[in-house]
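Participant: If you scroll down you'll find the structure; I have some questions about it.
What follows is calculated from the coordinates using simple rules that are stated; it is not laboratory data. Every value quoted in this text rests on a predicted model; they were computed, and no experiment measured them. Here Cβ is always computed from backbone atoms with ideal geometry, including for glycine, and neighbour counts include all displayed protein chains.
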Ligand code: BJW
C-alpha cells in the first residue's frame, strides 16, 4: 500500500471536526460481504428485490427472515478490524463523528462512541405492525425459510434495518446532516455512493466548506466530487493515517 498522501495528512491535521462516513467496505476485512462488489457482494449472489424491500417481506417473510437471521448470526462471529479501531483512536486526537450506512455494530465494538446509523441495526428487531422493539436472539436458521416470531399484537418480528423504499430514521438522518454541515473534513470510507439519501452527505459537507476525502480501493460515484482520493483498503489505510498522526512514523 502507498504511504499516507501528504494532502490527506495535512487535511486531518488541520481539521477540528471530522466525520467518517462509512459503507460496507469498512467491514469487508472483518469478513462481512459488501453489497455490490463483483463476485463477493451480497447482490451478486442474492436478489435484492426478494430480500431487502417491504414488498419482499410481504411476499415471503420466512425467506427474508432466514436470510437476515443468517447474517445476524454471522455478525456475532466477526470482530472489528484495525480500521474500525483506528477511527475510534482518531477520536482521541479530534472530534470524530461516525456516520455509517452499515447495519453492523463494528464501529461501536471497535471503540467509537459517536455513531449515527442511517440504515438501522442488524442486532435490533421490531414488530412490523405495532413497531415496538421485540428482541430476538441471532440463531443460525440452517434453512432457507424460517417463520418470523409473532408479536402479542399479531404482527411479525422483522429485522431493524432500512429496506429500499423505506424512510431513513428521521432523527439519525438529521444528526448526520448536522454533522456534515459542521465538519471540516469528511472521510468517505468503503461506500459505492449509490444509495440515497445517504450518498448525498459528502455533497452537503462540501457545500458547507468541508474537505471531502475518499478512502476506497476502487473508483466510486463519489470519487469525482472528492477533493482527495486514496486508493487503499480501510483496514490498512486508517491505521497508517493514525500512526503518522500520532507521530510514531514519518
Ligand atoms: C472497500 C473495501 C475495503 C471494498 N476497504 N473499501 C433514484 C435516484 C435516487 C434515489 C432513488 C432512486 N430510485 C430509488 C431511490 C431511493 C433508494 C436508492 O437510493 N436507490 C438507489 C440504488 C438508486 N433509496 C432508498 O430507498 C432509501 N430510502 C429512501 O430514499 O426513502 C425515501 C423514499 C421513500 C419511499 C419512496 C421513495 C423515497 C433507503 C435505502 C436503504 C438501503 N438499504 C440497504 C440494505 C440495508 C439492510 C441490509 O443490510 O440488508 O443498505 S441497501 C445497501 O446499500 C445497504 C447499504 O447500507 C447501502 C449502501 O451500500 P454501500 O455500503 O455503499 O456498499 P456497496 O457494496 O455498494 O459498496 C462497497 C464499497 O466498498 C465499494 O465502493 C468497494 O470498492 C468498497 N470496498 N472493500 C474500503 N477493504
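Participant: With just the Cα atoms defining each centre, how far is the range 111-128 from the range 154-185? Give it in Å.
Facilitator: 9 Å
Participant: How do the peptides 80-88, 118-126 rank, highest first, by the average count of neighbouring beta carbon atoms within 10 Å per residue? Intermediate results must be reported in sequence, preceding the final value.
Facilitator: Numbers: 80-88: 24.4, 118-126: 20.3.
The densest-packed peptide leads the list: 80-88, 118-126.
Participant: What is the angle, in °, between the Cα long axis of helix 170-182 and the longest principal axis of the Cα atoms in the chain? Nearest 10 is fine, range 0 to 90.
Facilitator: Long axis of 170-182 versus the principal axis of the chain: about 10 degrees.
Participant: Can you tell me what percent of all Cα-Cα pairs in the range 64-133 are more than 16 Å apart?
Facilitator: 55 percent
Participant: Next question, about the same structure. May I ask for the angle, rounded to the nearest 10°, between helix 234-245 and the longest principal axis of the chain, with both axes built from Cα atoms and the value confined to 0 to 90°?
Facilitator: Roughly 30 degrees, rounded to the nearest 10.
Participant: Rounded, prolate or oblate: which one fits the range 93-189, using the alpha carbon gyration tensor with axes a ≥ b ≥ c (rounded when a/c is under 1.5, else prolate when a/b beats b/c, else oblate)?
Facilitator: prolate
Participant: A further question follows. Using the Cα gyration tensor of the range 49-91, with a ≥ b ≥ c the square roots of its eigenvalues, what is the shape: rounded (a/c below 1.5), prolate (a/b larger than b/c) or oblate (neither)?
Facilitator: Working: a/c = 5.64, a/b = 2.59, b/c = 2.18.
In terms of gyration-tensor shape, prolate.
Participant: Of the residues 222, 146, 90, which exhibits the maximal mean-square fluctuation in a Gaussian network model of the chain defined by a 10 Å Cα contact cut-off?
Facilitator: The residue that fluctuates most here is 146.
Participant: I need the shape label for the range 1-148. Rule: rounded when a/c is under 1.5, else prolate if a/b > b/c, else oblate, with a, b, c from the alpha carbon gyration tensor.
Facilitator: prolate
Participant: Pairing the Cα long axis of helix 61-76 with the longest principal axis of the chain, what angle in degrees results, from 0 to 90 and rounded to the nearest 10?
Facilitator: Value to nearest ten degrees: 40.
Participant: Over all Cα pairs of the range 106-250, how is the pair count split among 10 Å bins, expressed in % and running from 0 up to the last occupied bin?
Facilitator: Going out from 0 Å in 10 Å bins, the range 106-250 shows 10, 29, 32, 19, 10, 1, 0 percent.
Participant: Separate question: Out of all DSSP beta bridges with both ends in the chain, state the antiparallel percent to the nearest 5.
Facilitator: Once the DSSP bridges in the chain are tallied, antiparallel ones form about 20 percent.
Participant: Hey, what number do you get for the chain at 222 nm if only DSSP H runs of n ≥ 4 count, each worth -39500 (n - 2.57), divided across all residues, to the nearest 500? List each step's numbers first, then the result.
Facilitator: Details: 11 runs with 88 residues, N = 250.
Helix contribution divided over all residues of the chain: -9500 deg cm²/dmol.
Participant: Still on this structure, please answer the following. What number, in nm² with one decimal, is the all-direction average of the projected area of the convex hull of the alpha-carbon atoms of the range 1-67?
Facilitator: On the way: hull surface 29.1 nm².
About 7.3 nm², averaged over all directions.
Participant: Hull surface divided by four, with the convex hull built on the Cα atoms of the chain: how many nm²?
Facilitator: Computing the convex hull of the Cα atoms and averaging its projections yields 13.1 nm².
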